[in-house]
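*Asks:* Just dropping this structure here.
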Amino acid sequence: MINAKIIGVGGYVPEKIYDNAYMESIVDTSDEWIIRRTGIKERHISADNEYTTDMAVKASEKAIKNAGISPEEIDLVILGTVTPDYFTPACACVVQKAIGAENAAAFDYNAACSGFVTGITIAKQFIVSGTYKNVLVVCADTLSKATDYEDRATCVLFGDAAGAAIVSASEDGSGIIETELGSDGDLAITALAYRNNDEEIEKRVSHKKETIWMAGQAVMKFAVKAMADASRRVIDKAGLTWDDIALVIPHQANYRIVDSAIKRMGITNDKVYLTLEKYGNTSASCIPVALSEAVEKGMIKKGDKIVLVGFGGGLTWGAAVLEW
Ligand code: COA
């Protein structure tokens, strides 16, 4: 039976760094508050002329190299983002051309920070149906370009990054074992496009409608339950228990969310890989960037079972259990 398997991953973070001292210089906050309430020390920020597709191309090229395939072998490029360069063309089309994936179809999707699990779930459907053999899933966001740098409750959280994976047909039974996606159409995290909504604009400290606003406490409550419960359900569906899981890579939004979620899962910190301190919340790329680092560090061996779990705007959530 054909399954879908991640055969190569790659991550990219831009050079520029906003550390907590810089955040202290622009809003009324402190290094101590940010670390105690979020666990974040630094975020990487795209250059003024660096956009989502520029970062996505860099992460994709690394994933393709690590997978050992050629760009021409890619059948589909899908890109998850909430900060596209254009309304049209899709960022995926820009990436498809830039990397030379000349035989690939391409489209964007938006599941906010749940984008990577959503992307590998989409890829799996195309692969197990026999439609495609190699799918490039790339998640990239220049959140700094949509951040309200007058709002201390959100601006300390976000950074920019891109993460990519090649998902390919596998016949050895390993790969993406189970996934679950979910949504509760709650507008607890918003950034407006064409829509005008005075009430929404009023919520923003800067009154810039395209910036991100969120109900932090409500999102936190939602996230802990959604991540813990969705992880348990995919593990159950796979016929596994937490003892079978070698590593968990959660969405990296806030250390307190991760800590409460892993307590609810009943697992220990040593099973969880975090990049939060260095990069902050980079939306859907958090998971593939962390996955790529964990692979580079040799933390994931062939045959290991791992859980990827995220939540984000929508509100959305997604969990996956994989055999590496
Ligand atoms: N520095 C100092 N004080 C800050 C601050 C900052 N950067 N941000 C908020 N505060 C203040 C608030 O103004 C509030 O002050 P008040 O009591 O005088 O009104 C106080 O800290 C507590 O605010 P609260 O919102 O209750 O804090 P919190 O413990 O919930 O932490 C978040 C705020 C945003 C860090 C937290 O809610 C969070 O991480 N939520 C989830 C966000 C998330 O994951 N979003 C992405 C989804 S993909």
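*Asks:* Yes or no: GLU61 among the acidic types (Asp, Glu) and either within 16 Å of the ligand (Cβ to nearest atom) or more than 18 Å from SER285 (Cβ to Cβ) (or both)?
*Replies:* Values: among the acidic types (Asp, Glu): yes; either within 16 Å of the ligand (Cβ to nearest atom) or more than 18 Å from SER285 (Cβ to Cβ) (or both): no.
For GLU61, the condition - among the acidic types (Asp, Glu) and either within 16 Å of the ligand (Cβ to nearest atom) or more than 18 Å from SER285 (Cβ to Cβ) (or both) - is not met.
*Asks:* Output the qualifying pairs, or none if there are none: Cβ atoms under 8 angstrom, residues six or more apart or on different chains, first residue in region 173-202 and on the phi > 0 side of the Ramachandran plot and at pLDDT below 95, second residue open to solvent by 30 Å² or more (accessible area, probe 1.4 Å) and part of a loop (DSSP other than H, G, I, E, B).
*Replies:* Close Cβ pairs satisfying both conditions: GLY173/MET1.
*Asks:* Based on what the data block shows, is GLY314 open to solvent by less than 10 Å² (accessible area, probe 1.4 Å) and within 16 Å of the ligand (Cβ to nearest atom)?
*Replies:* Working: open to solvent by less than 10 Å² (accessible area, probe 1.4 Å): no; within 16 Å of the ligand (Cβ to nearest atom): yes.
It is false that GLY314 is open to solvent by less than 10 Å² (accessible area, probe 1.4 Å) and within 16 Å of the ligand (Cβ to nearest atom).
*Asks:* Still on this structure, please answer the following. Counting just the residues of region 250-288 that are touching a residue at least 12 places away in the same chain (Cβ under 8 Å) and of a type in the set (Val, Ile, Thr), which one comes out farthest from the ligand (Cβ to nearest atom)? Write out each step before concluding.
*Replies:* We begin by selecting, within region 250-288, every residue touching a residue at least 12 places away in the same chain (Cβ under 8 Å); these are 250-258, 260-262, 264-267, 271-288.
Those left that are additionally of a type in the set (Val, Ile, Thr): 257-258, 262, 267, 272, 275, 282, 287.
Numbers: ILE257: 6, VAL258: 10, ILE262: 15, ILE267: 20, VAL272: 16, THR275: 15, THR282: 10, ILE287: 12 Å.
For region 250-288, the residue satisfying everything is ILE267.
*Asks:* Continuing with this model, one more query. Out of the helices (runs of 4 or more DSSP H) lying entirely within region 212-284, which hold 2 or more residues that are closer than 22 Å to ALA294 by Cβ and open to solvent by 20 Å² or more (accessible area, probe 1.4 Å)? Outline the logic, then answer.
*Replies:* On the way: elements: 216-237, 255-265, 276-279.
Because the criterion is at least 2 residues that are closer than 22 Å to ALA294 by Cβ and open to solvent by 20 Å² or more (accessible area, probe 1.4 Å), the helices (runs of 4 or more DSSP H) in region 212-284 that meet it are 255-265, 276-279.
*Asks:* Filtering region 152-191 down to residues that are more than 19 Å from PRO288 (Cβ to Cβ) and away from the ligand (no atom under 16 Å from the Cβ), which residue is surrounded by the most Cβ atoms within 10 Å (Cβ to Cβ)?
*Replies:* Checking each candidate, the answer is ALA169.
*Asks:* Could you tell me how many of the residues in region 109-129 are surrounded by 23 or more Cβ atoms within 10 Å (Cβ to Cβ) and outside any helix (DSSP H, G or I)?
*Replies:* Final tally of qualifying residues: 1.
*Asks:* Would you confirm whether or not region 90-97 contains a residue that is part of a loop (DSSP other than H, G, I, E, B), out of contact with any His (no Cβ under 6 Å at 6 or more places or on another chain), under 30 Å from GLU210 (Cβ atoms) and free of Cβ contacts under 8 Å to residues at least 24 places away in the same chain? Working first, answer last.
*Replies:* Filtering region 90-97 for residues part of a loop (DSSP other than H, G, I, E, B) gives 90.
When the remaining residues are screened for being out of contact with any His (no Cβ under 6 Å at 6 or more places or on another chain), the result is 90.
Of the ones still in play, those that are also under 30 Å from GLU210 (Cβ atoms) are 90.
Going one step further and asking which of them are free of Cβ contacts under 8 Å to residues at least 24 places away in the same chain, we end up with 90.
Yes, the conditions are met somewhere in region 90-97.
*Asks:* Find all pairs meeting these conditions: Cβ atoms under 7 angstrom apart; at least six residues apart or on different chains; first residue within region 55-78 and in a helix (DSSP H, G or I); second residue open to solvent by 30 Å² or more (accessible area, probe 1.4 Å) and among the polar types (S, T, N, Q).
*Replies:* So the pair list comes out as GLU72/ASN103.
*Asks:* OK, next. Please work out which residue is most open to solvent (accessible area, probe 1.4 Å), limiting yourself to region 3-45 and to residues that are outside any helix (DSSP H, G or I), under 22 Å from VAL205 (Cβ atoms) and in contact (Cβ under 8 Å) with a residue 12 or more places away in the chain. I'd like the intermediate steps shown before the answer.
*Replies:* First, pick out the residues of region 3-45 that are outside any helix (DSSP H, G or I): 3-19, 27-30, 39-45.
Applying the additional criterion that residues be under 22 Å from VAL205 (Cβ atoms) yields 18-19, 27-30, 40, 43, 45.
From the residues that got through so far, the ones that are in contact (Cβ under 8 Å) with a residue 12 or more places away in the chain too are 18-19, 27-29, 40, 43, 45.
Numbers: TYR18: 39, ASP19: 62, VAL27: 17, ASP28: 121, THR29: 29, ILE40: 0, ARG43: 1, ILE45: 6 Å².
Filtering first and then ranking leaves ASP28.
*Asks:* Kindly indicate whether LYS203 is in contact with a Phe, Trp or Tyr (Cβ under 7 Å, 6 or more places away or on another chain), open to solvent by 40 Å² or more (accessible area, probe 1.4 Å) and within 16 Å of the ligand (Cβ to nearest atom). Working first, answer last.
*Replies:* Values: in contact with a Phe, Trp or Tyr (Cβ under 7 Å, 6 or more places away or on another chain): yes; open to solvent by 40 Å² or more (accessible area, probe 1.4 Å): yes; within 16 Å of the ligand (Cβ to nearest atom): yes.
Answer is yes for this residue.
*Asks:* Which residue, of ALA193, ALA162, ALA169, is more than 18 Å from the chain's Cα centre (by Cα) and within 20 Å of ASP85 (Cα to Cα)? Give the derivation first.
*Replies:* Numbers: ALA162 fails: more than 18 Å from the chain's Cα centre (by Cα); ALA169 fails: within 20 Å of ASP85 (Cα to Cα).
It is ALA193.
The values are calculated or read from the model by the stated rules, or taken from the named source; none is laboratory data. These numbers come from a predicted model, not from an experiment. Methodologically, a virtual Cβ is constructed for each residue, glycine included, from the backbone with ideal geometry; neighbour enumeration extends over all protein chains shown. The protein model used for the area step is the full one, side chains on, heavy atoms only, and it has no ligands, DNA or RNA in it. Shrake-Rupley method; radii C 1.70, N 1.55, O 1.52, S 1.80 Å.
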